[in-house]
Amino acid sequence: MRAWERTGLGAVTLISRLRLVQKAVVDPDLVPQVLGSPDARWLGESTPSDDPAFRSFLCDLELHAGGSGLTLFRKAAVVSFGEPRRDGRRWVVPIEWRAATMTSLFPVFAGQLRIESHRIELDGRYAPPSGRLGYLLDVALLGAAARQTGRWFLRELAAELA
C-alpha cells in the first residue's frame, strides 16, 4: 500500500507500507529472551539507542536473489526493538530499522512484529528517500528489495524462535 501523508507543517510525504507474514513453528516463550534482551547475538552487536525504550543492534541486513538464494546485497543497519508485550495469544514487539551509513539514501522503517506459535508478521511503514523520485523508484524496484530484505529478517527471527 502506498499513500500520501501530510506532516504537521502541511508538507506531503510519500509513505510505503511493508507487511509480510512468515509461516513458522516458533516457541512464543522465547520472545522475551530473543527480542527483549539487551543481547541479540543472532542479529549483531548492541549499539546505543537514541530512545531509551528501544534496544538497538548493529547488523547487516541482506537481500537475497529469489528470496533465499545468493546474497546480492548487504547493508549495515541499526535494528531496534521496543519492549515485547503480550496481546492475548501473541507477542507484539515494536521494531525500527535504518541504515547505519549513507542514511539519506535509505528509508527508515517503523512498525511492529506480531508473533504467534505458527507465524510471524512484520507490519510497518517507511518513507522512501529522495521525495517523489525515490517513491517512484520504490514502486518500480526498491519496494521489491524491501520485501525481500524483510523476508530474510523474518526467516532469521523464525530460526531463533524455533
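Please treat every number below as a calculation from the coordinates, not as lab data. Note that the coordinates shown come from a computational prediction; the quantities given were computed from them, not determined experimentally. Methodologically, a virtual Cβ is constructed for each residue, glycine included, from the backbone with ideal geometry; neighbour enumeration extends over all protein chains shown.
General remarks:
- Between Thr101 and Phe54, the contour length at 0.36 nm per residue exceeds the alpha carbon distance by 15.0 nm.
- Helix-only CD estimate at 222 nm, as mean residue ellipticity for the chain, using -39500 (n - 2.57) per DSSP H run (n ≥ 4): -5500 deg cm²/dmol
- In plain terms, the chain is cut at each of the trypsin sites (Lys or Arg not before Pro) found in a DSSP loop with at most 12 other Cβ atoms within 10 Å, and the longest leftover piece is 90-162.
- Each of Trp91, Trp152 was scored by other Cβ atoms within 10 Å of its Cβ. Arranged with the fewest first, they read Trp152, Trp91.
- Environment charge of Ala100, counting only residues whose C-beta is closer than 15 Å and scoring Lys/Arg +1, Asp/Glu -1: -2
- Relative to the longest principal axis of the Cα atoms of the chain, the long axis of helix 143-161 makes an angle of roughly 10 degrees.
- Each label point was placed 7 Å from the Cα along the Cα-to-Cβ direction; for Arg86 and Arg17 their separation is 3.0 nm.
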